[in-house]
Amino acid sequence: MKPNLLARAAQWQRQNNNIRDSINLSLRAGENESAADVASENMMDIALREGEIDQIQFWQGSFSAAVISGSPTIALGLAWAQIFSHDHRRASGLLADLRATELSGLDQQVRRQIECWCDLIEAIGEATGDNLSESRRQCEAWMKVYNEADLVSKGAVLTCLCFLAASEHRFGDLRTLSLETSSVNNIADHHYALGWLYGAMILAELSRGDMRAGAALLKKSAR
């Protein structure tokens, strides 16, 4: 397909809110700036709510260092993908560069959102790096500091706390947390976190030796 047709198709997909298809078509058309523009607006939803880790990793090579450094949300999405790909050094580098960037050109609400996401990725990153107690400390601190955060971000942190409770065999805490977490994730239509929440609940049942309950949850999660 010719580049101009690909670019038109990318625009059509964007208008119809098919964001991943729009970005991919723009990249195929050589319209990297257009792709980066769409990604900058939607990257954290693609990363947090949809959990498109492989897709984000694929895009990484298409965006220059200048584009990444100039778009906080693209850098954050890449950092999120890195922690779930167990490349914590790369994720930490992206976050450190972002924190060192002058964000004075952004309004206060946007700066607050960037700080919220940076702290969220660092907190959950500790869990993916098996630093469970530090992750728990940072997640609990995040809940206190960012009480007004969007439900997608809250769902991610609450799900991490459920995973930590299951891993540490704090089954009473898990029961309490899972009710709020399930509610938040369902309201936010948080696909990625819902999957991890089921994983935490299955882990807890297996840790308690209740294979039947674990199998029932596994069957339910596959629906």
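Positive-end ranking of Leu5, Pro72, Ala100 along the dipole of the chain, with charges on Cβ about the Cα centre, is headed by Leu5. If you fit an axis through the alpha-carbon atoms of helix 151-167 and take the longest principal axis of the Cα set of the chain, what angle between them do you get, 0 to 90°, nearest 10? For 151-167 against the chain, the angle is about 40 degrees.
Label zone of Met143 (point 7 Å out along Cα→Cβ, amide N under 15 Å): in segment 174-192 this covers 174-185.
In degrees between 0 and 90, to the nearest 10, how far off the longest principal axis of the chain does helix 32-44 point, with axes built from Cα atoms? Value to nearest ten degrees: 20. Angle of helix 211-221 to the longest C-alpha principal axis of the chain, folded into 0 to 90 degrees and rounded to 10: 30°.
Cα centroids of segment 182-206 and segment 51-113: 25 Å apart. Kirkwood-type hydrodynamic radius, the chain: 18.5 Å, calculated from all non-identical alpha-carbon pairs.
Each Lys and Arg Cβ is given +1 and each Asp and Glu Cβ -1; about its Cα centre, the chain then shows a dipole of about 620 debye.
Measure off, as a whole percent, the carbon and sulfur share of the 1.4 Å-probe accessible area of the chain, all protein chains present. Don't jump to the answer; show the numbers that get you there.
Working: 5910 of 11720 Å².
Answer for the chain: carbon and sulfur cover 50 percent of the accessible area.
What's the longest uninterrupted piece of the chain once you rule out the GluC sites (Glu not before Pro) that are loop residues per DSSP with at most 14 other Cβ within 10 Å? For GluC sites (Glu not before Pro) (loop position, at most 14 other Cβ atoms within 10 Å), the longest site-free span of the chain is 1-101.
Heavy-atom accessible area per residue, the chain, 1.4 Å probe: how many Å²?
In whole numbers, the chain has 53 Å² accessible per residue.
Considering helices alone, the calculated mean residue ellipticity of the chain at 222 nm is -24500 deg cm²/dmol, with DSSP H runs of length four and up weighted by -39500 (n - 2.57) and normalised per residue. Rounded to 0.05, the FRET efficiency of the Asp150 and Ala100 pair, given R0 = 35 Å and the Cβ-Cβ distance, is 0.90.
The values are calculated or read from the model by the stated rules, or taken from the named source; none is laboratory data. Just so you know, these numbers come straight off a predicted model, no measurement behind them. So basically every Cβ, Gly included, is an ideal-geometry build from the backbone, and we count neighbours across all protein chains shown. Areas reflect the complete protein model, heavy atoms only, side chains present, ligands, DNA and RNA absent. Shrake-Rupley method; radii C 1.70, N 1.55, O 1.52, S 1.80 Å.
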